[in-house]
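The values are calculated or read from the model by the stated rules, or taken from the named source; none is laboratory data. This is a predicted model, so every value here is computed, not measured. We place every Cβ from the backbone using ideal geometry, glycine too, and count neighbours over all the protein chains shown.
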Amino acid sequence: MDFFSDYTMTIDGRAATAPAGFPAYNPATEDVIAEAPDATRAQLDAAVDAAARAFPAWSARPIAERQALVARIGDLIEAHAEAFMRLLTLEQGKARKGAEWEIGGSVVWCREIARQSLPVHVVEDTAERRVETRRVPLGVIGGITPWNFPVLLAIWKIAPALVAGNTMVLKPSPYTPLCTLKLGELLRDVLPPGVLNIVSGGNDLGAWLTTHPSVRKISFTGSTATGRKIMASASGNLKRITLELGGNDPAIVLPDVDVKQTAEKLFWAAFQNSAQFCVAAKRLYIHEDIYDELATALVDYARTVKVGDGARQGIDLGPIQNRMQFEKLRDLLADAKANGQRFLIGGEIGDGPGFFVPVTIVDNPPEDSRVVVEEAFGPVLPLLKFNDLDDVVARANATEYGLAASVWGRDIETARQVAERIEAGTVWINEIHSFSPHVAFGGHKQSGIGIENALEGLAEYTNAQTLVVNGAA
């Protein structure tokens, strides 16, 4: 199988081209690396119809068989890991270590989700009467994935949807369609036709999918603005939705931390994947007693980190994935500069080629500045001083978002008290970005609706059905 040419969609278990295509770019060079098919409305309808036809047999299949096939997806990704990692770096831009993390995580997720099942809950069981609640699949799932982790976040949707007995039509981001299209090609001989359909295209395709009357649920990862539109579109036939949306995640550093040990952890908390990470630490609140020391340590460490083409050996951080996001960051930095905000490092974007933004750390900007209020989704980090716990918790919570947060300190009880007051779906203490297929993940406020991962995430792909059996007929 050639991972680096001939990109086709998968509809009803077969390869599908399209009358037109769109370019996929290498963000490190801005070169066109491939053309992906731009699905028509008729092709989207065909994919949904195929998933609907496949649903009865797939949902009736014993769960052990569905689990085994989902685990097999992980085996195939592992068997082709090197090709997936090379293609992922080519289309997404991330460095080798980031590609290893994503592809390795995809393998783990398939295998671990394949071990999960939802038990029947027996409410009453007597000689005369039995009441039980079981979980039943929804039908056709529409999955829409983002460009920052295109393979892993596809698996976060595919694995639980299929284990639960659903079929799926998956649309990858038009910025990173290639790995997902190759995954579909790889699975044509593994999954029954129609169980997993993968179609590529732009905004029109997403709109067709979210409004399609035969789609029972939309699972979307992306921006809050797009999530609102999907929620409105899904209302037409009361589709179920899972929305994992934006975040402006605070990290609070208490005065008792070991600055030297914590600085490197905080750097990667903020800048992993070039900060193109919904749960990156995007506002770093540092107690004034250690502010200068920690700021210096962060800058010193940042000077050791290499930014460049992720395909080159020794590179730590790759480019911004696409021009749209790159221009947003250019505008954000220009605003900070125009308002006299001080850069401790970075702040100047070169002329290219490639969508490279240097690691940028901003020194204690005003709380209402754009660099603090907006989710940068790129390597721009404001450092903010605090001296009062009540004040810093209020500042951390003063956002429409509530995806994740972190607290850092040696006094675990104090750190826990702070963490419990933060309005976010996940709060880490003295670590960050630790995920598991068995740990629930979801946002508060406008960071999302629903849960991914764990049994709660598996249940999102089902309806509850209560059976009441009375023996006295």
From A20, A34, A60, residue being aliphatic (A, V, I, L, M), in contact with a strand residue (DSSP E or B) (Cβ under 9 Å, 6 or more places away or on another chain), at pLDDT 95 or above and surrounded by fewer than 18 Cβ atoms within 10 Å (Cβ to Cβ): A20
Members of the stretch 122-139 that are among the aliphatic types (A, V, I, L, M) and under 30 Å from M168 (Cβ atoms): V136, L138
Of residues in the stretch 418-432 being over 18 Å from N248 (Cβ atoms) and among the charged types (D, E, K, R), the one farthest from the chain's Cα centre (by Cα): E420
Selection from the stretch 408-437 of residues that are touching a helix residue (DSSP H, G or I) at 6+ places or on another chain (Cβ under 7 Å), in a loop (DSSP other than H, G, I, E, B) and aliphatic (A, V, I, L, M): I422, I432
So V259, is it under 29 Å from A404 (Cβ atoms), β-branched (V, I, T) and touching an Asp or Glu at 6+ places or on another chain (Cβ under 9 Å): yes
Answer residue from the stretch 1-17, given it is in a strand (DSSP E or B) and more than 23 Å from the chain's Cα centre (by Cα) and is surrounded by the fewest Cβ atoms within 10 Å (Cβ to Cβ) among those: R14
Top-ranked residue of the stretch 359-389 - restricted to ones that are under 26 Å from G222 (Cα atoms) and charged (D, E, K, R), ranked as surrounded by the fewest Cβ atoms within 10 Å (Cβ to Cβ): D368
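Table: residues versus (1) within 18 Å of the chain's Cα centre (by Cα); (2) outside the structural domain of D256 (by TED's automatic domain parsing); (3) surrounded by fewer than 17 Cβ atoms within 10 Å (Cβ to Cβ).
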| position | (1), (2), (3) |
| --- | --- |
| E400 | no, no, yes |
| V407 | no, no, no |
| R416 | no, no, yes |
| S434 | yes, yes, yes |
Options T29, T17; residue that is in the same structural domain as V199 (by TED's automatic domain parsing), more than 30 Å from R216 (Cβ to Cβ) and of a type in the set (S, T, Y): T29
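Restricting the stretch 267-314 to residues that are of a type in the set (V, I, T) and more than 27 Å from T426 (Cβ to Cβ), which is surrounded by the fewest Cβ atoms within 10 Å (Cβ to Cβ)?
Within the stretch 267-314, the first condition is being of a type in the set (V, I, T), and the residues that meet it are 279, 286, 290, 296, 299, 304-305, 307.
Those left that are additionally more than 27 Å from T426 (Cβ to Cβ): 296, 299, 304, 307.
On the way: T296: 13, V299: 19, T304: 9, V307: 21.
Result: T304.
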Residues of the stretch 8-42 classified as under 20 Å from I158 (Cα atoms) and not small (G, A, S), total: 6
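Between V107, V131, V48, V140, which is in the same structural domain as D204 (by TED's automatic domain parsing), surrounded by fewer than 19 Cβ atoms within 10 Å (Cβ to Cβ) and of a type in the set (A, V, I, L, M)? Can you show your working first?
On the way: V107 fails: surrounded by fewer than 19 Cβ atoms within 10 Å (Cβ to Cβ); V48 fails: surrounded by fewer than 19 Cβ atoms within 10 Å (Cβ to Cβ); V140 fails: surrounded by fewer than 19 Cβ atoms within 10 Å (Cβ to Cβ).
Being in the same structural domain as D204 (by TED's automatic domain parsing), surrounded by fewer than 19 Cβ atoms within 10 Å (Cβ to Cβ) and of a type in the set (A, V, I, L, M) holds for just one of V107, V131, V48, V140, which is V131.
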Spans of strands (runs of 3 or more DSSP E) in the stretch 184-249 with at least 1 residues of a type in the set (S, T, N, Q) and more than 21 Å from A50 (Cβ to Cβ): 215-221, 240-244
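Any idea how many residues of the stretch 18-48 are in contact with a helix residue (DSSP H, G or I) (Cβ under 7 Å, 6 or more places away or on another chain), over 30 Å from F356 (Cα atoms) and assigned to a loop (DSSP other than H, G, I, E, B)? Walk me through it before giving the result.
Quick first cut of the stretch 18-48, residues in contact with a helix residue (DSSP H, G or I) (Cβ under 7 Å, 6 or more places away or on another chain) only: 18, 24, 26, 33-34, 36, 39, 41, 44.
Narrowing further to those that are over 30 Å from F356 (Cα atoms): 18, 39, 41, 44.
Next cut, assigned to a loop (DSSP other than H, G, I, E, B) only: 18, 39.
Total satisfying the criteria: 2.
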Of all residues in the stretch 144-173 being in contact with a Phe, Trp or Tyr (Cβ under 8 Å, 6 or more places away or on another chain) and assigned to a strand (DSSP E or B), the one that is nearest to V279 (Cα to Cα): I144
Leading residue by the ranking (nearest to E431 (Cα to Cα)) among those in the stretch 247-266 that are among the charged types (D, E, K, R) and surrounded by fewer than 24 Cβ atoms within 10 Å (Cβ to Cβ): K265
F267 vs. criteria assigned by TED's automatic domain parsing to the domain that holds I412 and among the aromatic types (F, W, Y): yes
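Per-residue answers, yes or no, for (1) more than 18 Å from the chain's Cα centre (by Cα); (2) surrounded by fewer than 22 Cβ atoms within 10 Å (Cβ to Cβ):
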{"residue": "L178", "(1), (2)": "no, no"}
{"residue": "D189", "(1), (2)": "yes, yes"}
{"residue": "P192", "(1), (2)": "yes, yes"}
{"residue": "L196", "(1), (2)": "yes, no"}
{"residue": "D204", "(1), (2)": "yes, yes"}
{"residue": "T210", "(1), (2)": "yes, no"}
{"residue": "F220", "(1), (2)": "no, no"}
Listing of helices (runs of 4 or more DSSP H) fully contained in the stretch 288-391 that carry 3 or more residues being among the hydroxyl-bearing types (S, T, Y): 291-302
Residue match in the stretch 290-308 (condition: hydroxyl-bearing (S, T, Y) and over 22 Å from E100 (Cβ atoms)): yes
Criterion violated by A51 - all others in (1) out of contact with any strand residue (DSSP E or B) (no Cβ under 6 Å at 6 or more places or on another chain); (2) part of a helix (DSSP H, G or I); (3) in contact (Cβ under 8 Å) with a residue 12 or more places away in the chain satisfied: (1)
Among the candidates R66, R111, residue that is at pLDDT 95 or above, part of a helix (DSSP H, G or I) and more than 30 Å from L238 (Cα to Cα): R111
Conditions (1) crowded, with 17+ Cβ neighbours inside 10 Å; (2) touching a helix residue (DSSP H, G or I) at 6+ places or on another chain (Cβ under 9 Å); (3) within 30 Å of P23 (Cα to Cα): number failed by V70: (3)
